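Chemist: I'd like to ask you about the structure that follows.
The values are calculated or read from the model by the stated rules, or taken from the named source; none is laboratory data. This structure is a prediction, so every number in the text was calculated from the model and none was measured. Virtual Cβ from ideal backbone geometry, glycine too; neighbours counted across all protein chains shown. Ligands, DNA and RNA are stripped out before the accessible areas are found, and what is left, the full protein with its side chains, is counted by its heavy atoms. Shrake-Rupley method; radii C 1.70, N 1.55, O 1.52, S 1.80 Å.
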Amino acid sequence: MKMSNMLISTLREVPAEAEIDSHKLMLRAGMIRKMAAGVYNYMPLGLRVLKKIEDIVREEMNATGAQEFLASAMIPAELWQESGRWDAYGAEMFRLKDRGERDFCLGPTHEEVFTDIARNEIKSYKQLPLNLYQIQTKYRDERRPRFGVMRSREFVMKDAYSFDKDQQGLDFVYDKMHDAYVKIFNRCGLDAKCVAADSGAIGGSNSAEFMVKSEVGEDDVVFCTECDYAANIEKASSPAEKEEKQELMEIEKIATPNSRGIEEVSAFLNVSSIKTVKTLLYKVDEKIIAVFVRGDREVNEVKVANAVDASGDMEMASHEEYINAAGCDIGFAGPVGIKADIVLVDEEVKNMYNFISGANETGYHLKNVNYGRDFEGIVGDFRKVVEGQKCPVCGGIVTIARGTEVGHIFKLGTKYSEAMNANFIDEDGKEKPFIMGCYGIGVTRTMASIIEQHHDENGIIWPLSVAPYHVSVIPVNIKDEEQVEVAKNIYEDLVNMGIEVLLDDRNERAGVKFKDSELMGIPMRVTVGKKIGDGEIEFKLRNGEMEVMKIKDVCNIIKTEFDKNNIKLK
Ligand code: ATP
Ligand code: MG
């Protein structure tokens, strides 16, 4: 492409609205432009990158035997009412009415649509297994759209939905999707880690997220420093600590008139918070849940919600509900005699001896409380992992890092097929619900994440596999006919080899051209200047040193870069 014919929208200044590097650079390099909060236009250069990522996704999905599909983004409300998500989805869903007052939404995701397709098209087990995917625009009215296309309100997602006759089939396709995702992110030059994720009430290893470590990430991920263990903080566990066995002492009530909560009580009594137990009261689905964890721990609310099979939102108990359950003012609740519908006891609490907790009486705490003797409950893991704890797999030390989710694989089971009556006839002649899985990749978020991992102070450094163009050829002096001629020849030779080349034939200073090429992240640059008198040009990798070389060698050198990166030329 000749740059004199292109819309070039590079900006020298850093746009004030952008907080993170990828957002700044996408605007500065002229990849995207904002139309409204979380709504972006893709400029020609940005679109080329997007299409390359889509092509990588498409190739790897096709290689697994999945079939491409394209569903409408506009979805009738009835499908969502069948699954129960028309109401549950809440304000994140963009809703609209047609002229006949019929409700529709702009799809935030497509489980309902694909379940509907399957129930209409698939009658028999003979048609299974099936994995359908699409690369399509999604709409979510995010509470806080930010960071450009990282969290936008309109974005491109690859979403796949698998249909199997049994669990074995689902396990098989789930693993296949996992492997395909590893290949996809590798090919995109993205360092993404597969992380065990929370999968709601279904539990187990039914869901995994592909996360990229990033300071601007909105999720916390627990990583082991010694083995491969990685888990979303919501799911992460660490071995429960155990106190050495002690003789059970008699329970004692102590006045703690001005000490509410664990910090004040342990300071007042001059004991470590690891000798205390704290109480949290929640309300969900009209039930009061009491949770007990060691004084220095935090409650993991996702684990609690899963343990009680919560269907609605979980909230802290109100002041009144607290008083009803504990019979005292806030800060003095404890496990002995608490009136809750469900009592959850963290396993570390079970492992403690003679601890301190609230007495369920205003102004008092209890000493020498023991699980089993003084109270009981459902024992489990209800605490948050913190940095420095032990890895549940190898016993090494874990760290916590921020991350961004770029992909998600999920075993749905029969959640949607049962709700929507999507059945097939199995070999035994019986009607059964499809066993489903769903698999998403945020394509536009992937693009931004690649930039987060590949840039410097001068601009983007695209991996060759997704670069908008591979090479820019820059004649230094556009008025020098010989330079222009040599540049044109190199350009044409490269184009004939199937390489995507920018010829910067603009009447601009060389410095401007270099800056633009670096900002746009073009992986290779060929500079045609005065040295052509000696039959030489300058070659530079975007993140490498400049080399002077013979004109006749340049095509070969460029070709080797494709070989090195394992990229076939078209
Ligand atoms: P998040 O926790 O970031 O909101 P999610 O759990 O809502 O993500 P999914 O419903 O699993 O995301 O969607 C699949 C993929 O779509 C995500 O892995 C992510 O890459 C992408 N995605 C989700 N929401 C957005 C958004 N607002 N903007 C851009 N990409 C998004
Ligand atoms: Mg979300």
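Chemist: Scan the stretch 532-570 for residues that are under 18 Å from ALA467 (Cβ atoms) and free of Cβ contacts under 8 Å to residues at least 12 places away in the same chain and jot them down. Steps first, answer last, please.
Modeler: Here is the first cut: in the stretch 532-570, the residues under 18 Å from ALA467 (Cβ atoms) are 539-544, 554-555, 557-570.
Listed by number, the residues that qualify are GLY544, THR560, ASP563, LYS564, ASN566, LYS568.
Chemist: May I ask you to say which residue of ARG99, ARG85 is assigned by TED's automatic domain parsing to the domain that holds CYS188 and at pLDDT below 95?
Modeler: Values: ARG99 fails: at pLDDT below 95.
Answer to the selection: ARG85.
Chemist: Give the stretch 429-488 a look and list any residue that's basic (Lys, Arg) and either more than 21 Å from the chain's Cα centre (by Cα) or over 30 Å from ALA419 (Cβ atoms) (or both), or say none. Reasoning before the result, please.
Modeler: Of all residues in the stretch 429-488, those basic (Lys, Arg) come to 430, 432, 445, 479, 488.
LYS430, LYS432, LYS479, LYS488, listed by residue number.
Chemist: I've got another one for you. Of everything in the stretch 336-375 that's among the acidic types (Asp, Glu) and open to solvent by 30 Å² or more (accessible area, probe 1.4 Å), which residue is nearest to GLU298 (Cα to Cα)? Outline the logic, then answer.
Modeler: Just the residues of the stretch 336-375 that are among the acidic types (Asp, Glu), to begin with: 341, 346-348, 361, 374.
Imposing the further condition that a residue be open to solvent by 30 Å² or more (accessible area, probe 1.4 Å) reduces the set to 341, 347, 361, 374.
Numbers: ASP341: 21, GLU347: 13, GLU361: 23, ASP374: 23 Å.
Among residues in the stretch 336-375 that are among the acidic types (Asp, Glu) and open to solvent by 30 Å² or more (accessible area, probe 1.4 Å), the one nearest to GLU298 (Cα to Cα) is GLU347.
Chemist: What number of residues within the stretch 209-231 satisfy the criterion of being more than 16 Å from ligand 1 (Cβ to nearest atom), crowded, with 18+ Cβ neighbours inside 10 Å and outside any strand (DSSP E or B)?
Modeler: Within the stretch 209-231, residues that are more than 16 Å from ligand 1 (Cβ to nearest atom), crowded, with 18+ Cβ neighbours inside 10 Å and outside any strand (DSSP E or B) number 1.
Chemist: Please go through the stretch 127-151 and pick out each residue that is within 12 Å of ligand 2 (Cβ to nearest atom) and open to solvent by less than 20 Å² (accessible area, probe 1.4 Å).
Modeler: Those that are within 12 Å of ligand 2 (Cβ to nearest atom) and open to solvent by less than 20 Å² (accessible area, probe 1.4 Å): LYS138, MET150.
Chemist: Could I ask something else about it? When you go through (1) away from ligand 1 (no atom under 16 Å from the Cβ); (2) in contact with a helix residue (DSSP H, G or I) (Cβ under 9 Å, 6 or more places away or on another chain); (3) at pLDDT below 90; (4) of a type outside the set (A, V, I, L, M, F, W, C) one by one for GLU234, which number turns out not to apply?
Modeler: Every condition holds for GLU234 apart from (1).
Chemist: I need the helices (runs of 4 or more DSSP H) fully contained in the stretch 252-327, keeping only those with at least 3 residues that are surrounded by fewer than 18 Cβ atoms within 10 Å (Cβ to Cβ). Let's see the steps before the verdict.
Modeler: Values: elements: 261-269, 301-307, 319-326.
Output list reads 261-269, 319-326.
Chemist: I've got another one for you. How many residues does the stretch 548-570 contain that are touching a strand residue (DSSP E or B) at 6+ places or on another chain (Cβ under 8 Å) and surrounded by 14 or more Cβ atoms within 10 Å (Cβ to Cβ)?
Modeler: The first filter runs over the stretch 548-570 and keeps only residues touching a strand residue (DSSP E or B) at 6+ places or on another chain (Cβ under 8 Å), leaving 548-551, 554, 557-558, 561.
Filter again for surrounded by 14 or more Cβ atoms within 10 Å (Cβ to Cβ), leaving 549, 551, 554, 557-558, 561.
Count: 6.
Chemist: All but one of (1) loosely packed, with under 11 Cβ neighbours inside 10 Å; (2) more than 16 Å from ligand 2 (Cβ to nearest atom) hold for ALA91; which doesn't?
Modeler: Of everything listed in (1) loosely packed, with under 11 Cβ neighbours inside 10 Å; (2) more than 16 Å from ligand 2 (Cβ to nearest atom), ALA91 misses just condition (2).
Chemist: Let me spell it out: the conditions are (1) away from ligand 2 (no atom under 16 Å from the Cβ); (2) among the hydrophobic types (A, V, I, L, M, F, W, C); (3) open to solvent by less than 60 Å² (accessible area, probe 1.4 Å), and ALA63 meets all of them except one. Which number is the exception?
Modeler: That leaves (3) as the condition not met.
Chemist: Among the residues that make up the stretch 143-151, is at least one of them in contact with a Ser or Thr (Cβ under 7 Å, 6 or more places away or on another chain), more than 16 Å from ligand 1 (Cβ to nearest atom) and not in a helix (DSSP H, G or I)?
Modeler: Within the stretch 143-151 (the criterion being in contact with a Ser or Thr (Cβ under 7 Å, 6 or more places away or on another chain), more than 16 Å from ligand 1 (Cβ to nearest atom) and not in a helix (DSSP H, G or I)), the answer is no, since none of the residues qualifies.
Chemist: Look through ALA230, ALA208, ALA236 and report the one residue that is among the aliphatic types (A, V, I, L, M) and without any contact (Cβ under 8 Å) to a residue 40 or more places away in the chain. Break it down stepwise before answering.
Modeler: Numbers: ALA208 fails: without any contact (Cβ under 8 Å) to a residue 40 or more places away in the chain; ALA236 fails: without any contact (Cβ under 8 Å) to a residue 40 or more places away in the chain.
Going through ALA230, ALA208, ALA236 in turn, just one is among the aliphatic types (A, V, I, L, M) and without any contact (Cβ under 8 Å) to a residue 40 or more places away in the chain: ALA230.
Chemist: Determine which single condition GLY403 fails, assuming it passes every other condition in (1) modelled with pLDDT of 95 or more; (2) farther than 30 Å from MET3 by Cβ.
Modeler: If we test GLY403 against (1) modelled with pLDDT of 95 or more; (2) farther than 30 Å from MET3 by Cβ, just (1) comes out false.
Chemist: Taking CYS391 as the residue in question, decide whether it is open to solvent by less than 60 Å² (accessible area, probe 1.4 Å), away from ligand 2 (no atom under 16 Å from the Cβ) and under 24 Å from SER207 (Cβ atoms).
Modeler: Working: open to solvent by less than 60 Å² (accessible area, probe 1.4 Å): yes; away from ligand 2 (no atom under 16 Å from the Cβ): yes; under 24 Å from SER207 (Cβ atoms): yes.
Taking the combined requirement at face value, the residue satisfies it.
Chemist: Could you tell me how many of the residues in the stretch 502-517 are open to solvent by less than 30 Å² (accessible area, probe 1.4 Å) and basic (Lys, Arg)?
Modeler: Number satisfying all stated conditions: 1.
Chemist: Looking only at residues that are loosely packed, with under 14 Cβ neighbours inside 10 Å and assigned to a helix (DSSP H, G or I) in the stretch 99-126, which one is farthest from ligand 1 (Cβ to nearest atom)?
Modeler: In the first step, residues of the stretch 99-126 are kept if they are loosely packed, with under 14 Cβ neighbours inside 10 Å; the result is 99-102, 120-121, 123-124, 126.
Now restrict to residues that are assigned to a helix (DSSP H, G or I): 120-121, 126.
On the way: ASN120: 24, GLU121: 24, LYS126: 31 Å.
So, considering only residues that are loosely packed, with under 14 Cβ neighbours inside 10 Å and assigned to a helix (DSSP H, G or I), the one farthest from ligand 1 (Cβ to nearest atom) is LYS126.
Chemist: Answer yes if at least one residue in the stretch 488-501 is on the phi < 0 side of the Ramachandran plot, of a type in the set (S, T, N, Q), modelled with pLDDT of 95 or more and open to solvent by less than 30 Å² (accessible area, probe 1.4 Å), and no otherwise. Full working, then the answer.
Modeler: From the stretch 488-501, those on the phi < 0 side of the Ramachandran plot are 488-497, 499-501; that's our starting set.
Keeping just the survivors that are of a type in the set (S, T, N, Q) gives 489, 496.
Keeping just the survivors that are modelled with pLDDT of 95 or more gives 489, 496.
In the following step, the residues that additionally are open to solvent by less than 30 Å² (accessible area, probe 1.4 Å) were identified as none.
There is no residue in the stretch 488-501 that is on the phi < 0 side of the Ramachandran plot, of a type in the set (S, T, N, Q), modelled with pLDDT of 95 or more and open to solvent by less than 30 Å² (accessible area, probe 1.4 Å).
Chemist: Provide a single number: the residues in the stretch 165-184 that are open to solvent by less than 10 Å² (accessible area, probe 1.4 Å) and outside any helix (DSSP H, G or I).
Modeler: Going residue by residue through the stretch 165-184, those that are open to solvent by less than 10 Å² (accessible area, probe 1.4 Å) are 170, 177, 180-181, 184.
Okay, now just the ones that are also outside any helix (DSSP H, G or I), so none.
Going through the stretch 165-184 one residue at a time, the tally reaches 0.
Chemist: Next question. Residues in the stretch 22-44 that are buried (at least 20 other Cβ atoms within 10 Å of the Cβ) and closer than 15 Å to THR446 by Cα: how many?
Modeler: Residues flagged as buried (at least 20 other Cβ atoms within 10 Å of the Cβ) and closer than 15 Å to THR446 by Cα within the stretch 22-44 amount to 6.
Chemist: Residue check, PHE539 against (1) open to solvent by 70 Å² or more (accessible area, probe 1.4 Å); (2) within 30 Å of SER22 (Cβ to Cβ); (3) in a strand (DSSP E or B), all met but one. Which one?
Modeler: It fails just one condition, (1).
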